[in-house]
Every structure is written in C-alpha cells, then in structure tokens.
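Chemist: Once you've had a glance at the structure underneath, I'll fire off some questions.
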Amino acid sequence: MNLATWVTDFIVFSMPFYFAAFALYIARAIKGPTVPDMVLAVDALSYDLAAFLVLLGILFRAPIMIPCAIVLVLWVYALDIYMAKYFEAGEIGE
Amino acid sequence: MMAVDIVMGLLAASALISVIATVLAVQARDLLKAVIFSALQSVAYTLMYFMLMAPDIVLVYAAVAVGIYPLILILLIKKVGRYEV
Amino acid sequence: MSSLVSWILVGVGQALVIIGIFCDLAASIMMLRLPNFFARLHALTVGSVGGAFIPLIGAALIAAGCDFLGPYRWFMAGGAVVTAIIEYVLAGAGTHAIARAVYRAKAAPLKPIVADKLAEDRGGEER
C-alpha cells in the first residue's frame, strides 16, 4: 500500500468524528445558559479547530498553511482573558 | 475529485454556521452574548478562508475578528452597560 | 530503510490522532451533558489537552513521516509542535483565569455542588 493514499484515507476517515464534535460544541455555544458557558464552548471549538487545520494542511499537501493554527490559538486565548477581565472588574468596581 | 467535494462541503457547513451565528448576534438582547456569537462567526470564517487557500487572509482575519474587535466591543460594553433596552 | 522509518512515524502519529479523536468526542458530549459551568471546565480541559495537544503532536509525527510533502514537511512538523506547546500552556492559563473571575463575580450558578473548600476557608458563608 502506498503511504500517500494511506495517510489521505486516514484523514478522510477521521473527519466525520471531528464534525460531530464541532456540532456538539456549537450546540453548547448557541444555547449556553450563561455567558461563561458560551466562552468555554468557543474556546474548546477553536482549540480543536486548530488541530483539525493541521490535519487539513497534511490532506491538501500545503505545508505553508501551518501558521493559521498558531494565530487562531493565540487570539482565542486573548478572548478568554478579555472575558475574565470584564467579570473581575464587574465584581470590584461598578 | 474527492478533495473538491470535501472543500465544497466544508465551505457550505461553515457558511451555514456563520449565517446562524450572525442572526443570533443581531437578535441578542445581551450584548456580551452578541460578542460571543460574533467570535463564533469569526471562527467559521477562519475555516472558510483556510478552505479557500488564503493563509494571509486567515492571519489577518483571526487577529482582527477574534482578537481586537471583541476587545474594543468589551471596552465599549463596560462603558455603556450590558443589556440592551 | 527510510520508508520503514516513515511508516513507523506515521503509525505512531495516527495512534495519537485516534486518542485525540476519542478525547474530542468525549469532551463534546461532556460539554453538552454536564450540569453547570464549573463542571464544564473539566470538559474544556479534556478537550484542550486530550483533544488538541495530543493530536497536534500526532500530526507533527505524521507530517515528519510524509515523504510526499517535500522538504517543507519539517516546517510543518515544527509548526505543529510549536502550536501544541503554545496551546498546552495557554489553555490552562485561560481556563484558570476565567474560572477565578466567574467564581469571584458570581456570574454562573454554583448549584449542583459537592464541596466548596474556598468558601469554607473564607469563613463558611453559603452562596
């Protein structure tokens, strides 16, 4: 068996599981009862999407598209910190 | 041939998610929830631009729409109040 | 010889990616089923360490083993390892930050609870 077709078949086989996980995360992000739940769902979605983007880069034979995953992970952390700062300031000041 | 199908399917799915997130962001009465829906739409658009093989757009769009735009909006919400009346 | 090394790297990477897929599905189901915010923090931890860190290392091994990607596959493997390390540090830091902020600001309900050691240490008032 050829290595290229083996890797391609494996990544195509792993895609529906990722889609199922993304769908459940998006369901929690849409119907989350409070705002921190939605922040957690978007966080987990983005971290898993970063791993999925690396696998897609292997699937498309495009190694130059790796920095997208690094940038996505870094800026979603920034969103987390903004929300934490908003809630902390809401406790102290007002 | 199979790669074209995968790209088109992923583009359709992420476009649908971005439309749903945009409608929810427009309808939300809680402005903080609107910011989170906007971030969800930005994540879907990041996947779309990755599918369209535009890594430069992804680098700029993720920084602006996930990072800087919620920062400005949260600073503004802290000034003007959280709930829309 | 080089082909055998490539097959071993790809096999180990695929095993790590399969572990990551399992953790990912488990974390998404937990994110939907657990009762409140502080229980869903566990789902985020499983999803970020088991569901993103381990498959990123596996993707780095797969990319290092794929000869058909050309010499840029080392760039891809290094980028995946850097992403994994950044994600491993930042996911825990962000989770702790938002958990502390939400606990202090009382922004999420605390109701299905077993024990609250922090409130007991602060004087035992109930929320």
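The values are calculated or read from the model by the stated rules, or taken from the named source; none is laboratory data. All values derive from a computational prediction rather than experimental measurement. Quick reminder, even Gly has a Cβ in these numbers, built from the backbone with ideal geometry, and neighbours come from all protein chains shown. Heavy atoms of the whole protein, side chains included, go into the accessibility calculation; ligands, DNA and RNA do not. Shrake-Rupley method; radii C 1.70, N 1.55, O 1.52, S 1.80 Å.
Chemist: Give the residue that is nearest to A:SER46 (Cα to Cα), with candidates limited to residues of the stretch B:54-78 that are within 7 Å of chain A (Cβ to nearest Cβ) and of a type outside the set (Gly, Ala, Ser).
Modeler: Filtering first and then ranking leaves B:VAL66.
Chemist: Now a separate question. Considering only residues that are facing chain C (nearest Cβ under 9 Å), touching a residue at least 12 places away in the same chain (Cβ under 8 Å) and among the aliphatic types (A, V, I, L, M), which ones fall in the stretch A:1-28?
Modeler: Correct list: A:VAL7, A:ILE11, A:ALA21.
Conditions tested, residue by residue: (1) within 23 Å of C:VAL49 (Cα to Cα); (2) open to solvent by 10 Å² or more (accessible area, probe 1.4 Å).
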| site | (1), (2) |
| --- | --- |
| A:MET38 | yes, no |
| A:ASP48 | yes, no |
| A:PHE60 | no, yes |
| A:ILE64 | no, yes |
| A:LEU72 | yes, no |
| A:TYR77 | yes, yes |
| A:TYR82 | yes, yes |
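Chemist: Please state which one of C:ALA91, C:ALA64 is under 22 Å from A:MET83 (Cα atoms) and open to solvent by less than 20 Å² (accessible area, probe 1.4 Å).
Modeler: Selected residue: C:ALA91, the only one of C:ALA91, C:ALA64 that is under 22 Å from A:MET83 (Cα atoms) and open to solvent by less than 20 Å² (accessible area, probe 1.4 Å).
Chemist: Find the residue count for the stretch B:30-82, including only residues that are on the phi > 0 side of the Ramachandran plot and open to solvent by 40 Å² or more (accessible area, probe 1.4 Å).
Modeler: Adding up the residues that qualify gives 1.
Chemist: Give the stretch B:23-54 a look and list any residue that's of a type in the set (Val, Ile, Thr) and touching a Leu at 6+ places or on another chain (Cβ under 9 Å), or say none.
Modeler: Scanning the stretch B:23-54 gives B:VAL35, B:ILE36, B:VAL43, B:THR46.
Chemist: Find the helices (runs of 4 or more DSSP H) located wholly in the stretch B:25-85 whose residues include 3 or more that are farther than 25 Å from A:ASP48 by Cα, and list them.
Modeler: Passing ranges, in order: B:69-80.
Chemist: When you go through C:ARG104, C:ARG100, C:ARG40 one by one, which is the residue that is part of a helix (DSSP H, G or I), of a type in the set (D, E, K, R) and under 28 Å from A:LEU53 (Cα atoms)?
Modeler: Of the residues listed, the single one that is part of a helix (DSSP H, G or I), of a type in the set (D, E, K, R) and under 28 Å from A:LEU53 (Cα atoms) is C:ARG40.
Chemist: Where the second residue is assigned to a helix (DSSP H, G or I) and among the aromatic types (Phe, Trp, Tyr) and the first is under 14 Å from C:LEU90 (Cα atoms) and open to solvent by 30 Å² or more (accessible area, probe 1.4 Å) and lies in the stretch C:39-50, which pairs have Cβ atoms under 8 Å and are six or more apart or on separate chains?
Modeler: C:VAL49/C:TYR88
Chemist: If you go through the stretch C:91-102 one residue at a time, do you hit one that is touching a residue at least 60 places away in the same chain (Cβ under 8 Å) and aliphatic (A, V, I, L, M)?
Modeler: yes
Chemist: Need pairs with beta-carbon distance below 6 Å; first residue within 7 Å of chain A (Cβ to nearest Cβ) and within the stretch C:53-71, second buried (at least 22 other Cβ atoms within 10 Å of the Cβ) and among the polar types (S, T, N, Q); sequence gap 6+ or separate chains.
Modeler: As it stands, the answer is C:LEU56/C:THR83, since those pairs meet every condition given.
Chemist: If you don't mind, another one. Can you tell me which residue among C:PRO35, C:PRO55 is open to solvent by 70 Å² or more (accessible area, probe 1.4 Å) and not polar (S, T, N, Q)?
Modeler: Within the list C:PRO35, C:PRO55, the selection yields C:PRO35.
Chemist: Still on this structure, please answer the following. Take C:ILE29 and decide whether it is within 18 Å of the chain's Cα centre (by Cα) and open to solvent by 50 Å² or more (accessible area, probe 1.4 Å).
Modeler: Here the answer is yes, as C:ILE29 does meet what is asked.
Chemist: Could you tell me which of the residues A:ILE64, A:ILE70, A:ILE81, A:ILE58 is closer than 22 Å to B:SER38 by Cα and more than 16 Å from the chain's Cα centre (by Cα)?
Modeler: Unique residue meeting the criteria: A:ILE81.
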